[in-house]
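Just so it is clear, none of the values below were taken in a lab; they were calculated from the coordinates. Treat the numbers as computed from the prediction; the structure is a model and nothing was measured. Glycine also receives a Cβ, built like all others from the backbone with ideal geometry; neighbour counts cover every protein chain displayed.
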Amino acid sequence: MLKRVLIVVCVVVLITLLAQTLTTQAITPTPAPSKTPTLSPTPTTAPVTATATSVPEPATNSSFEPFSQTDLSVLSGNVQRPNGIVWLNDKLYVACNGDWSIYEIEADSGATELYIFGLRNAHTLFAENDDRGELNLWAPDFERNVLVRITRTGFSTITTELNGPWGIAYLDESSFLVTNLLDDNIVRVTREGQVSEFLTGLRSPTGIVIDGEFVYVANNGSARRGIEWSMNSPETNVGSPAETLVSGLQNTTGLVMGSDGYLYFAYSLGTRGVVGRVDPVQCRENGGCTNDQVEIIVYSDLAAPLAGLAISPDLQLFVHTIYRPEIYSVQLDQRP
């Protein structure tokens with residue numbers, strides 16, 4: 001009897017031990033694979049030294065190194081609040097909306113003289129010599145909504161049929177193109193004062209440039225439409241939308257065409273005023289350029305907007321900010 005009891009006890013103990021073993025195996029999870037990568041064995045050979053063929057060569061068309069504020073020369077501080085500015089025959093003609101005057105400035109020395117009084121607020125000017133060699137200045141007066149012709153002897157009002165005129169460009173011997181910032185259009189104005197619509201549907205247009213058969217215009221009211229272009233065709237432009245030249249520009253103001261074939265323009269990077277340039281032919285052919293394709297030429301410390309922009313045939317650039325008397329210049333071809 002005792003022997004049978006011992007056998008039963010042994011069987012119970014074995015069953016209990018077996019059950020505990022099975023339970024432990026069931027609840028113990030399989031360890032997850034390690035997230036730490038296994039280190040490769042230390043190489044027995046020396047590392048490969050980069051050769052000339054494995055190192056990228058510098059780009060042959062490396063970016064232009066922008067001129068900084070310290071690279072700029074102060075040309076003149078004798079104009080209280082310069083606004084419109086234009087170069088002609090080694091002289092600058094600058095409109096001052098502080099005292100309603102135009103000043104004549106020697107581009108090299110900065111010597112400044114009062115030219116005439118009476119222009120209230122001009123953002124751009126066009127300068128030419130007539131058949132007798134006399135200077136003629138053409139200016140859209142933003143405050144009075146007029147286009148005027150200015151000589152040493154006085155003012156002639158060409159037309160009063162404008163609405164916020166800002167930019168002016170020479171179209172041909174008989175007429176100009178003028179941007180109306182408040183009407184979102186460009187109009188053609190003859191020297192006798194006839195006005196006709198040239199291009200509509202813009203966004204607060206400011207600067208304007210004519211380069212042969214193409215017209216470039218800055219849209220100050222739209223970063224997406226920063227600079228647009230149109231064919232120089234008064235007969236077919238009305239009703240046709242402008243096409244993108246450069247998108248993604250903030251507060252684009254002045255446009256000037258350089259003798260090097262680049263289009264130069266003033267715009268904003270945050271609160272900083274800068275001058276950039278593009279090859280307009282390349283931008284047109286590519287269906288437009290973006291702001292990251294703009295070559296920054298002048299990265300100034302001046303507060304935006306840059307109100308005035310002018311360039312001489314030998315690529316001396318002149319710029320100033322709004323409401324400040326200083327006019328700055330830099331020789332563009334001094335930078336490789």
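The table below gives the values:
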| read-out | value |
| --- | --- |
| Amide H contacts under 5 Å for Val148, placed H, 5+ residues apart | Ala139, Asp141, Ile158 |
| The range 228-318: proportion of alpha-carbon pairs further apart than 21 angstrom, % | 35 |
| Amide H contacts under 5 Å for Leu171, placed H, 5+ residues apart | Phe176, Leu177 |
| Average Cα contact separation per residue, the range 155-251, under 8 Å, 6 or more apart, as relative contact order % | 20 |
| Label-point separation, Gln282 to Arg152 (7 Å along Cα→Cβ), nm | 4.6 |
| Per principal axis, descending, Cα span of the range 67-334 in whole Å | 45, 45, 30 |
| Taking the range 67-334 and dividing mean pair separation by its residue count, relative contact order in percent (alpha carbons under 8 Å, at least six apart) | 16 |
| Cut-off under 5 Å, modelled amide H: who pairs with Ile116 long-range | Ile102 |
| Mean separation of Cα contacts under 8 Å (6+ apart) over length of the range 111-217, as relative contact order % | 17 |
| Length released on extending from Glu161 to Ser73, taking residue separation times 0.36 nm less the Cα-Cα span | 27.7 nm |
